[in-house]
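Have a look at the structure below, then the notes.
The values are calculated or read from the model by the stated rules, or taken from the named source; none is laboratory data. Predicted model only: the values in this text are computed from it and were never measured. So basically every Cβ, Gly included, is an ideal-geometry build from the backbone, and we count neighbours across all protein chains shown.
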Amino acid sequence: MKRRIMSFLLLFILLAPVFVSYFWLQYQKSMVKHEVKWRIIDGIDKDKLVVLKFSKSEFQKNLHWKHTKEFEYNFKMYDIVESMIIKDSVYYYCWYDNEETKLNHQLTELVSKAYNSNPLKNESQKKIYSFFKNLYFSNAFDWKMMPQKTEKRTKSIFLVSFTSINFPPPTPPPQFS
């Protein structure tokens with residue numbers, strides 16, 4: 001029982017920093033979104049906005065939408081303040097959300113560290129896995145007949161007295177009532 005508690009405690013100690021960091025960054029991200037929303041509602045000067053122009057085809061390929069008023073473009077987050085469609089182009093007046101971009105970068109870095117995206121670490125883990133696999137799950141020995149030599153051998157007394165393990169015992173098993 002004590003061992004089980006210790007194993008759960010050790011597992012918690014190993015996993016807690018990753019989960020706590022992830023949820024803390026998610027909380028900070030939601031706070032930044034809330035703050036940007038209020039800035040947009042209060043009104044932002046036009047000179048502080050970024051104007052992005054996209055064609056219809058580029059618009060569908062390059063933008064990764066988070067929701068109707070927020071998208072990611074070139075790994076940067078933008079909040080839409082105003083949009084205009086002129087002929088075959090779409091103009092977005094956006095607030096470049098630097099804080100959320102940093103938080104997204106930290107989140108992806110945290111997740112990649114948690115899932116061991118480091119190729120050197122992956123290689124060492126593969127070697128350790130291979131070692132333990134060979135240690136515990138070795139291949140069964142392949143019993144092959146020894147090649148027979150063409151020369152004639154004399155029979156030994158040991159060969160005559162040998163009985164195989166596959167034969168049943170000479171007496172029946174005892175009957176218990």
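Here are the numbers for the structure shown:
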item: Selection from the range 82-113 of residues that are aliphatic (A, V, I, L, M) and within 16 Å of Phe54 (Cβ to Cβ); result: Met84, Ile85, Ile86, Val90
item: Matching option when the condition is surrounded by 14 or more Cβ atoms within 10 Å (Cβ to Cβ), touching a strand residue (DSSP E or B) at 6+ places or on another chain (Cβ under 6 Å), of a type outside the set (A, V, I, L, M, F, W, C) and closer than 26 Å to His34 by Cα, among Glu99, Glu82, Glu72; result: Glu72
item: Evaluation of Tyr91 against (1) buried (at least 16 other Cβ atoms within 10 Å of the Cβ); (2) at pLDDT 85 or above; (3) not aliphatic (A, V, I, L, M) (one fails), failing number; result: (1)
item: Top-ranked residue in the range 60-69 [being under 28 Å from the mean Cα position of the chain (by Cα) and outside any strand (DSSP E or B); ranked as surrounded by the most Cβ atoms within 10 Å (Cβ to Cβ)]; result: Leu63
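So that you can scan it fast, the table gives a plain yes or no per residue for (1) within 31 Å of the chain's Cα centre (by Cα); (2) outside any helix (DSSP H, G or I); (3) at pLDDT 75 or above:
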position: Arg3; (1), (2), (3): yes, no, yes
position: Phe8; (1), (2), (3): yes, no, yes
position: Leu15; (1), (2), (3): yes, no, yes
position: Ile44; (1), (2), (3): no, yes, no
position: Lys53; (1), (2), (3): no, yes, yes
position: Glu72; (1), (2), (3): yes, yes, yes
position: Met77; (1), (2), (3): yes, yes, yes
position: Ile80; (1), (2), (3): no, yes, yes
